[in-house]
Amino acid sequence: MPPKTREILSSLRAAIEHGEFPPGSTLPGEFELAERFQVNRSTIRIVLQKLRGEGLVATNQGRGTVVRDRTRIVLPATRYPNAAPSLGPWESACAQQGLTGQVEVVGVSERPADLVVATALGVEPGSVLIHRRNRMHIDGRTAQYQEVWLPYDLATGTLLAAPGKVTGGIYRGLTEIGHPPSVADEVVTGRMPTPEEAEMLELDQGSPVLEIRRTTRDRAGRAVLHTHIVVAADRVSLAYQQMV
């Protein structure tokens, strides 16, 4: 990258980081930036492309180049058992950090288990499970997509299989039907999103996601819940506490 291009990139990056261009604001147009830095528009296009690749800005049709809101929510490992009674884990974690979290129930249905889910829950592939789909928002913007599978014999006929939100979250719902969660295994993988995930999470080109698969067992050792989460990597941090 030519020195002048690096200089412009550094200048605009610093202006964004220091709040000269706050989240949601629009950068000056290509003509104005080219005149300000005394370069041609092709150089400005390269700089803007680099800023998009770093996740600092996004191209908004009708508005131009907009500074992205990169407010993060920290999700502690204790988010499930420590959720507020009237809220789920996502909403509780957001509220504790001064953010507005919302959970949108996309659908609740009966669905056959694929091999991954069947293995996690210890059932035969194709077994019918209760399947729940949610979108999690921060201040109105989608940051996480979540799928939940529960054993049919355990969840059917309970609020866990009913449409709408489960007050207090799935863990609280499991406790209320006599299967309080005891232990959970969680695997986190970083990857690039599928086109569908990028659209759903409103991700710009080059923005990665975290994929989380969590299998929860009750006190008797039965696998009672498998959760699949896809989350925008620049909007969420996962925090773990470990005994050493």
Checklist entry - Semi-axes of the equivalent ellipsoid of region 1-112: what are they in whole Å, largest first, if each equals the square root of 5 times a C-alpha gyration tensor eigenvalue? => result 40, 16, 12
Checklist outcome for this item: Taking 120-126, 45-51, 198-204 and ranking on average Cβ neighbours within 10 Å, highest first, one gets 45-51, 198-204, 120-126
Item to check | Calculated from backbone phi, Karplus (6.51, -1.76, 1.60) coupling profile of region 165-173 in Hz, x at Gly/Pro | outcome: 6, 9, 4, x, x, 5, 4, 5, x
Checklist entry - Where the convex hull is taken over the Cα atoms of region 3-67, what is its projected area averaged over directions, in nm²? => result 4.0 nm²
Next on the checklist: Taking the number of other C-beta atoms within 10 Å as the exposure measure, put His228, His131 in order starting with the fewest.
Outcome noted: His228, His131
Item to check | Summed residue charge, Cβ within 10 Å of Ala223's Cβ, Lys/Arg positive, Asp/Glu negative | outcome: 0
Item to check | Over the chain, volume per residue of the alpha carbon convex hull, in Å³ | outcome: 157 Å³
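Read the figures in this text as sums done on the coordinates, not as results from a lab. No experiment lies behind these values; they were computed from the predicted model shown. Every residue, glycine among them, receives a Cβ derived from its backbone with ideal geometry; neighbour counts consider all protein chains shown.
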